[in-house]
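Chemist: Below is one structure. I have some questions about it.
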Amino acid sequence: MKLILLGAPGAGKGTVAKMLTAVDGSVQISTGDILRAAVKDGTEMGKKAKEYMDAGKLVPDEVVIGIIKDRLAQPDCQKGFILDGFPRTVPQAEALDKVLAGLKTGIDHVVSIDVDEEALVTRLTGRRTCKNAACGQMYHVEFTPPKKAGICDKCGSELYQRDDDNETTVRSRLATYNQATAPLIGYYSAKGLVRPIKGVGGIDDIFNQIVGIVSAGTGCSCGCKH
Ligand code: AP5
Ligand code: MG
């Protein structure tokens, strides 16, 4: 599958992207995860990106476009890819079109996940993430707690709270989304690619809705197969 997951912070992009990789071996590409790894490694890019991330602002387009260009050129993307958190601005979407045209491929669907804003704040302030980057499993202290507090069920590593998951930064991230990223729904609607889904209810339901969209081919979710 060649998907873009579009949705506000906390919509569930990362959670469902991980589940989707098991469907057909498509890889999850999260610009947020790549940037957090750069911050952790203390690279020059990471040092610059951290200021923007901590403020809930977007990292400059040229930085993330460079990341995506390199990542999509890697052989494991040939099986398919799930873009999680990219693109986030119209210039990023235009750059992606060019990169994909250069690779002689394109996007099958843009799944737009809609969740009420107050629910997003609750989700993000309660999120816990596995420290082991190879696992990266997400939990929620209330909705999907681990069996043992603070420990990942899957790999036994410690869980942590992301630096940007405090209420002030979350509200800033949501404002950034509304201003810079929500216009992408119009950008991709004009190309006939948007498949809107409600991002509430069990994560399995959301996963199944997306699998339904993907299995219907490149036709739209109403089943008309245009
Ligand atoms: P990024 O890491 O992409 O963060 P985000 O978009 O803010 O999204 P999140 O990861 O917070 O949410 P999610 O949708 O993945 O939700 P999740 O599945 O974890 O970006 C971070 C920063 O990096 C940005 O602010 C920016 O600075 C920078 N950046 C990244 N990409 C960039 C780009 N392209 N351009 C410029 N800058 C960029 O779920 C959230 C919680 O909810 C979890 O606890 C989960 O367990 C729970 N949950 C999930 N689904 C459900 C459900 N159905 N019901 C109940 N709880 C649920
Ligand atoms: Mg995420």
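The values are calculated or read from the model by the stated rules, or taken from the named source; none is laboratory data. What you see is a predicted model, and the numbers here were worked out from it, not measured in a lab. Here Cβ is always computed from backbone atoms with ideal geometry, including for glycine, and neighbour counts include all displayed protein chains. Side chains are part of the model used for accessible areas, which takes the heavy atoms of the whole protein and leaves out ligands, DNA and RNA. Shrake-Rupley method; radii C 1.70, N 1.55, O 1.52, S 1.80 Å.
Chemist: Which value, in Å² and to the nearest 10, is the accessible area of residue 211 when all protein chains are kept and the probe is 1.4 Å?
Modeler: 40
Chemist: Also: Per Stokes-Einstein, at 10 °C and 1.306 mPa s, what whole-number D in µm² s⁻¹ belongs to the range 65-121, with the Kirkwood radius over Cα pairs as the hydrodynamic radius?
Modeler: Values: Rh = 12.8 Å.
Diffusion coefficient, whole number: 124 µm²/s.
Chemist: Based on a Kirkwood Rh over C-alpha pairs, give the Stokes-Einstein translational diffusion coefficient of the range 1-113 at 25 °C and viscosity 0.890 mPa s in µm²/s.
Modeler: On the way: Rh = 14.4 Å.
The calculation lands on 170 µm²/s.
Chemist: For a test of the definition: using alpha carbon positions, the gyration tensor, and the 1.5 limit on a/c, classify the chain as rounded, prolate or oblate. It would help to have the intermediate numbers written out before the result.
Modeler: Numbers: a/c = 1.42, a/b = 1.21, b/c = 1.18.
Because its axes are fairly even, with a/c under 1.5, the chain counts as rounded.
Chemist: Which distance in nm do the two modelled labels at residue 189 and residue 133 give, with both placed 7 Å along the Cα-to-Cβ direction?
Modeler: Each label point lies 7 Å from its Cα, and together they span 3.8 nm.
Chemist: Explain nothing, just compute: Karplus ³J(HN,Hα) = 6.51 cos²θ - 1.76 cosθ + 1.60, θ = phi - 60°, for every residue of the range 202-214 in order, whole Hz, x for Gly and Pro.
Modeler: x, 5, 5, 4, 5, 4, 5, 4, 5, 4, x, 5, 5
Chemist: Still on this structure, please answer the following. How would you rank 132-140, 183-191, highest first, on the average number of other Cβ atoms within 10 Å across their residues? Don't jump to the answer; show the numbers that get you there.
Modeler: Numbers: 132-140: 15.9, 183-191: 14.3.
The most tightly packed comes first, giving 132-140, 183-191.
Chemist: So which of 50/198; 18/69; 57/148; 154/191 end up more than 29 Å apart by C-alpha?
Modeler: Working: 50/198 31 Å; 18/69 21 Å; 57/148 34 Å; 154/191 39 Å.
Pairs exceeding 29 Å: 50/198; 57/148; 154/191.
Chemist: I'd like the Karplus ³J(HN,Hα) series for the range 62-69: coefficients 6.51, -1.76, 1.60, θ = phi - 60°, whole numbers in Hz, and an x wherever there's a Gly or Pro.
Modeler: 4, 5, 6, 5, x, 4, 5, 4
Chemist: Roughly how big is the chain's charge dipole about its Cα centre, with Cβ charges of +1 (Lys, Arg) and -1 (Asp, Glu), in debye to the nearest 20? Don't skip to the answer; put the middle values down first.
Modeler: Details: 29 positive and 27 negative charges, 71 e Å.
So the magnitude is around 340 debye.
Chemist: On the full set of protein chains, 1.4 Å probe, figure out the accessible area of residue 41 and give it in Å² to the nearest 10.
Modeler: For residue 41, solvent-accessible area is about 120 Å².
Chemist: Follow-up. Per residue, how much accessible surface does the range 50-166 expose to a 1.4 Å probe? Answer in Å², no decimals.
Modeler: Each residue of the range 50-166 exposes 53 Å² on average to a 1.4 Å probe.
Chemist: Counting only protein heavy atoms and a 1.4 Å probe, tell me what percentage of the chain's accessible area is made up of carbon and sulfur.
Modeler: Roughly 54 percent of what the probe reaches on the chain is carbon or sulfur.
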